[in-house]
């Protein structure tokens, strides 16, 4: 009986009808079969069951529809099997039945019946299981039609699975051994795979996709055999390694079918235990490289590596096994080989493979940074031919690759030890590089990682290149979004806080390294990056200062021997002077931005720090720079007022200056104060300068006369302001300046300045009263309140004890 | 009401500003403080308090916490919330201040982070009943 090769299956509508018809016929024949069973009529039972099974001879049903027909028939055959069993109890031998069913006219029904009898036969143990099974599996060769053959063998598999001669099964022994069971399943598997592959080549080329879809529906029939093998108790590692796996792989490789290879490799990996895979890694990976080029082997290998990663994580004891079988080197070699062999593999595929390998490495060998670096290195080799990566999918995978070590170690310093890490980053385009840089900084912030060595700082800045400076291919700063830019630069600024070391020399090296990179950032970036650097350096100065102080104490109390060693150490160490040099250069750089107001503030901060260290020349230099900046670069009136206050406020606190230097700076400050544009500003700045001549701290200058001169000058300016206002606006301005100066008089009066007498104060009070009552003066309730609270204050002081009242006695309010 | 400082090193500091608010029966004045020289000098701050005619003066610039009560009112410098570097003081414990106003009573709660522990202190001020 020829099995014809069909011209493809009929359309779906027709399928429905065909199936319905076939099911009806099966039903029909089954009815008569049941009647025969009821009458214990073996011959009729055989006749009708054969007819029923004849429906399975169709070539016209698609796999899905055939399956439905098969299931219906399967159910009926169970009844028949029960009948056969009963028959043998009634005196019929299994051997006889086995013979009888072979009289069926068509081969397919014959074989189904044979399998059914075989099931009973084996169970009866009248013949060794292995012999029956061997016979059946070979007889099934009679069906070479793919769909029919697959379902027939599937039937065989189903009825045999509980009768295999597994270790400790009831059928073991004379029935056979597990070796026989394995042999049976392997044979069935091999034949089924061949049939399955054959489907690919049937029918016209244009229906290839349809065929592949249909094949997909049948794949589990083939895969089931592997599952059965994995369930056999008697199959231990040795048997798996020596018999099962080689035979299965042989079929997989030799069938040269893309669909089958991919599915079966995946099956093997999923159904067999991970320990087996670990021990047969060579064989498995060897097979991978022999697969058809179109097979998605990277997914297969990724699956394998993922499973092994999970296995490694499950129990720490198994990690030793991994090292013992050299899993890592085998896998990494296999990855390289696959990429080499599959020339057409797209970049994203290659990177994916490396991602899977890296994940594996991080799970299994997290302590082996050299392994991690090796994986990255292999990826670098692949990327070397490519330049900057354009493909967005590949880019995404590269980001995953780079993020994995960051997430695993939670410590950027560890990641900085990976020499290949920056090399991979070089292949990212500008935008992605920046994204990665931000990810890295965020990782540092989140984990509170301190970067404590200058060479690590250097390595870090290499990774952050695109954030910190312009490069070829980066967009001009005008094109960048203002807000994004600010956010990024603020992030970089925050990073400075994490670059620190308690050892002063190392800390200084860190500062120098950071500055070197920031210098390359261009004027727009310096305003963000340099201030935190300045404060970091100022903190270092403070630390040095405190340590010097402690050393001073030590020198006094300890023995000469220890004294000697501490001075030696001092010479080698970094000194405040060196840091101040650094600070001067750094603040100077801000002129490139330009950012004069910022620079001024920073100069003054440095001056104060130098003051605290008793370094007069350095403090003077910073003041000089502050003044130069003021003169040359700050022309906005408001900014000038603020700057003058900052200068005077800082200068007032300086104790380090000798008379000459002090005089020069004070003279400059008062000079500029008097030259501010608006008269009220002038007035206030000048009276504030009075504090430059009156230092409360011990040893500070207290020049009462010059204080008074200052205040008088301020008064003159206030007068002039009044007159100007009355000329230009038609009325005098508010009297507030006079009241402010009065308060200053009171301040010095209280602090014991002899030149501020009762008379002087009284005079000013009367002046204010006159001005306020004058018609020319604008009324202003705030000024009134100010004056009132000032008078209230004076009255209050007149009540006070401790000799205060006496001083105030002469003042009348 | 909470008070804390914004750093003056940030771009475009508009620290010329002063503000006077009325909350309940109290007048508050807020001012950055760099214009009051000598910095942190209480007598000079007193003058500003008189000038603004406020019961409570809140000021900053020095990063150093200070609270000072006198017959005219209270002067508060809440310090700096982040403990950032200050040239004025070596002691940069982060701090902030909460003020509670209830009728004529003002309570200032000071929170300082010293050695990893939060220390809280309290200052009471009662405003004199206005006469007449």
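General remarks:
- When residue A:669 is tested against (1) within 14 Å of another protein chain (Cβ to nearest Cβ); (2) at pLDDT below 95; (3) surrounded by 15 or more Cβ atoms within 10 Å (Cβ to Cβ), just one condition goes unmet, and that condition is (2).
- Leading residue by the ranking (farthest from the other protein chains (Cβ to nearest Cβ)) among those in region A:783-804 that are at pLDDT below 85 and exposed (fewer than 14 other Cβ atoms within 10 Å of the Cβ): A:803
- Total residues in region A:501-551, condition surrounded by fewer than 17 Cβ atoms within 10 Å (Cβ to Cβ) and not in a helix (DSSP H, G or I): 4
- Unmet requirement for residue B:47, which otherwise passes all of (1) within 24 Å of residue A:602 (Cα to Cα); (2) touching a helix residue (DSSP H, G or I) at 6+ places or on another chain (Cβ under 7 Å); (3) within 10 Å of chain A (Cβ to nearest Cβ): (1)
- Of all residues in region A:678-701 being surrounded by fewer than 15 Cβ atoms within 10 Å (Cβ to Cβ) and within 13 Å of chain B (Cβ to nearest Cβ), the one that is nearest to residue A:738 (Cα to Cα): A:678
- Residue count for region A:87-105 satisfying the condition of being touching a residue at least 40 places away in the same chain (Cβ under 8 Å) and surrounded by fewer than 14 Cβ atoms within 10 Å (Cβ to Cβ): 3.
- Residue satisfying all of: in region B:68-93; assigned to a loop (DSSP other than H, G, I, E, B) and more than 14 Å from chain A (Cβ to nearest Cβ); nearest to residue A:795 (Cα to Cα) among these: B:79
- Residue under evaluation residue A:643, criteria (1) closer than 18 Å to residue B:41 by Cα; (2) crowded, with 19+ Cβ neighbours inside 10 Å; (3) in contact (Cβ under 8 Å) with a residue 40 or more places away in the chain; (4) within 12 Å of another protein chain (Cβ to nearest Cβ), criterion not met: (1)
- Test for residue A:219: is it part of a helix (DSSP H, G or I), surrounded by fewer than 20 Cβ atoms within 10 Å (Cβ to Cβ) and at pLDDT below 95: yes
- Scanning region A:101-117 for residues being closer than 24 Å to residue A:68 by Cα and in a helix (DSSP H, G or I) gives a total of 11.
- Residue that is farthest from the other protein chains (Cβ to nearest Cβ), among those in region A:731-777 that are outside any helix (DSSP H, G or I) and more than 17 Å from residue A:720 (Cβ to Cβ): A:775
- Residue ID - farthest from the other protein chains (Cβ to nearest Cβ), chosen from residues in region A:651-663 that are more than 13 Å from residue A:624 (Cβ to Cβ) and not in a loop (DSSP other than H, G, I, E, B): A:660
- So residue A:728, is it more than 10 Å from chain B (Cβ to nearest Cβ), surrounded by 14 or more Cβ atoms within 10 Å (Cβ to Cβ), at pLDDT below 90 and out of contact with any helix residue (DSSP H, G or I) (no Cβ under 6 Å at 6 or more places or on another chain): no
- Residue match in region B:10-32 (condition: surrounded by 20 or more Cβ atoms within 10 Å (Cβ to Cβ) and touching a helix residue (DSSP H, G or I) at 6+ places or on another chain (Cβ under 8 Å)): yes
- Residue in region A:739-752 that is more than 19 Å from residue A:809 (Cα to Cα) and more than 60 Å from the chain's Cα centre (by Cα) present: yes
- Checked against (1) in a helix (DSSP H, G or I); (2) under 18 Å from residue A:193 (Cβ atoms), residue A:144 passes all but a single condition, namely (1).
- Taking region B:50-67 as the range and being closer than 21 Å to residue A:646 by Cβ, more than 9 Å from every other protein chain (Cβ to nearest Cβ) and part of a loop (DSSP other than H, G, I, E, B) as the test, the residues that pass are B:60, B:62, B:63, B:64.
- Condition met for residue A:614 (surrounded by fewer than 16 Cβ atoms within 10 Å (Cβ to Cβ), out of contact with any strand residue (DSSP E or B) (no Cβ under 7 Å at 6 or more places or on another chain) and at positive phi): yes
- The number of residues in region A:600-636 being in a helix (DSSP H, G or I) and away from every other protein chain (no Cβ under 11 Å) comes to 20.
- Scanning region A:583-599 for residues that are more than 38 Å from the chain's Cα centre (by Cα) and within 14 Å of chain B (Cβ to nearest Cβ) turns up A:596, A:597.
- Among (1) part of a helix (DSSP H, G or I); (2) more than 20 Å from residue A:475 (Cα to Cα) - the single one residue A:435 does not satisfy: (2)
- Boolean, residue B:40 is buried (at least 16 other Cβ atoms within 10 Å of the Cβ), closer than 26 Å to residue A:641 by Cα, away from chain A (no Cβ under 11 Å) and touching a residue at least 24 places away in the same chain (Cβ under 8 Å): no
- Some residue of region A:471-481 being under 22 Å from residue A:440 (Cα atoms) and outside any loop (DSSP other than H, G, I, E, B): no
- Here residue A:728 fulfils each of the conditions (1) closer than 26 Å to residue A:802 by Cα; (2) free of Cβ contacts under 8 Å to residues at least 12 places away in the same chain apart from (1).
- Check on residue B:96, at pLDDT below 85 and more than 13 Å from chain A (Cβ to nearest Cβ): no
- Each residue in region A:460-470 was checked for being buried (at least 21 other Cβ atoms within 10 Å of the Cβ) and not in a loop (DSSP other than H, G, I, E, B), and 6 pass.
The values are calculated or read from the model by the stated rules, or taken from the named source; none is laboratory data. The structure displayed is predicted, hence computed values, not measured ones. Note: ideal-geometry Cβ built from the backbone for every residue, glycine included; neighbour counts use all protein chains shown.
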